[in-house]
1. Out of the residues in the stretch 28-59 meeting the condition of being without any contact (Cβ under 8 Å) to a residue 24 or more places away in the chain and of a type in the set (Gly, Ala, Ser), tell me which one is surrounded by the most Cβ atoms within 10 Å (Cβ to Cβ).
2. Any idea which of GLU84, GLU125, GLU94 is in contact with a Phe, Trp or Tyr (Cβ under 8 Å, 6 or more places away or on another chain) and of a type in the set (Asp, Glu)?
3. Restricting attention to the stretch 146-165, does a residue exist that is buried (at least 16 other Cβ atoms within 10 Å of the Cβ), in the same structural domain as ALA57 (by TED's automatic domain parsing), polar (S, T, N, Q) and not in a helix (DSSP H, G or I)?
4. Only one of PHE188, PHE194 is in contact (Cβ under 8 Å) with a residue 40 or more places away in the chain and among the aromatic types (Phe, Trp, Tyr); which?
5. Answer yes if at least one residue in the stretch 174-186 is modelled with pLDDT of 95 or more, exposed (fewer than 14 other Cβ atoms within 10 Å of the Cβ) and either in a strand (DSSP E or B) or acidic (Asp, Glu) (or both), and no otherwise.
6. Examine the stretch 93-115 for a residue that is modelled with pLDDT of 95 or more, crowded, with 20+ Cβ neighbours inside 10 Å and either acidic (Asp, Glu) or assigned to a helix (DSSP H, G or I) (or both), and state whether such a residue exists.
7. For the list (1) under 20 Å from HIS155 (Cβ atoms); (2) in the same structural domain as ASP164 (by TED's automatic domain parsing), I need the number of the one condition that VAL46 fails.
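The values are calculated or read from the model by the stated rules, or taken from the named source; none is laboratory data. This one's a predicted model, so the numbers in the text were calculated from it and none came from an experiment. As a convention, Cβ positions derive from the backbone with ideal geometry for all residues, glycine included, and neighbour counts pool all protein chains shown.
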Amino acid sequence: EEIILVIFSYANTHSENNACALQTTKYREGSRTLIKRCVNATNDDVVIFTGSGSTAAINKLVDVLQLKDETVRRRTVVFISTFEHHSNILPWRETGVEVIRIPNNTQGLMDDNFLTNQLKKYHDEGEKRIICTFNAASNVTGIRTDVDNISTLVHQYRGLIFWDYAAAAPYVKIDMNPSEIAAKDAVFISTHKFVGGPAAPG
């Protein structure tokens, strides 16, 4: 019913040429404000609508980080887990950046001891920017990662931490800023996976 109420005023955003475009732009900006509040974003955080969920968001971030530039690429290392969806593997690999996969421990979770050793190694060498990009919950098993502890660990070694919430977002609380050291540097959400979300923009 709510969709039926607004569909008649729907138009392209970024325009004030007509009432429908202006109203749709206001809907979008209202959504941006609501999302920031729901994920505990600060004034320094931004919400970027990419149109195709987490896949497009990850591709956008790869572009923002300029990883297709050879100089930047050579000075960057990316850590992923064994649980990642292809949308959180392929964009990084396709740049040619060094990608290290963190194995599972005996409980089937990400091996944080292995991760710690790798973070320490690359931090101490001081030659590469560290990026960690993990999913908050597996698309296949539903196994959740302790996002706050891993974020804290990565920040202790001056790395950037990105979280793919595509499978988890409809079911868990997302807190981008529980504390300064446990903050998430980026979070990817696929809104089409929420109730009422099919055909929604990402």
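1. That would be SER31.
2. Checking each option against the conditions leaves just GLU84.
3. Residues of the stretch 146-165 buried (at least 16 other Cβ atoms within 10 Å of the Cβ): 147, 150-155, 157, 159-165.
Narrowing the set further to residues that are in the same structural domain as ALA57 (by TED's automatic domain parsing) leaves 147, 150-155, 157, 159-165.
Right, trim to polar (S, T, N, Q) and you get 151-152.
After this cut, where a residue has to be not in a helix (DSSP H, G or I) as well, the list is none.
The answer is no; no qualifying residue exists.
4. Working: PHE194 fails: in contact (Cβ under 8 Å) with a residue 40 or more places away in the chain.
After ruling out the rest, the residue left standing is PHE188.
5. The initial filter retains those residues of the stretch 174-186 that are modelled with pLDDT of 95 or more, namely 174-186.
Of the ones still in play, those that are also exposed (fewer than 14 other Cβ atoms within 10 Å of the Cβ) are 179-181.
Retained after the next criterion (residues that are either in a strand (DSSP E or B) or acidic (Asp, Glu) (or both)): 180.
Within the stretch 174-186 (the criterion being modelled with pLDDT of 95 or more, exposed (fewer than 14 other Cβ atoms within 10 Å of the Cβ) and either in a strand (DSSP E or B) or acidic (Asp, Glu) (or both)), the answer is yes, since at least one residue qualifies.
6. Within the stretch 93-115 (the criterion being modelled with pLDDT of 95 or more, crowded, with 20+ Cβ neighbours inside 10 Å and either acidic (Asp, Glu) or assigned to a helix (DSSP H, G or I) (or both)), the answer is yes, since at least one residue qualifies.
7. Of the numbered conditions (1) under 20 Å from HIS155 (Cβ atoms); (2) in the same structural domain as ASP164 (by TED's automatic domain parsing), the odd one out for VAL46 is (2).
Here is a yes/no grid of residues against (1) in a helix (DSSP H, G or I); (2) over 30 Å from THR133 (Cβ atoms):
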residue: ALA11; (1), (2): no, yes
residue: GLU16; (1), (2): no, yes
residue: THR25; (1), (2): yes, yes
residue: GLU29; (1), (2): yes, no
residue: THR33; (1), (2): yes, no
residue: ARG37; (1), (2): yes, no
residue: ASP44; (1), (2): no, no
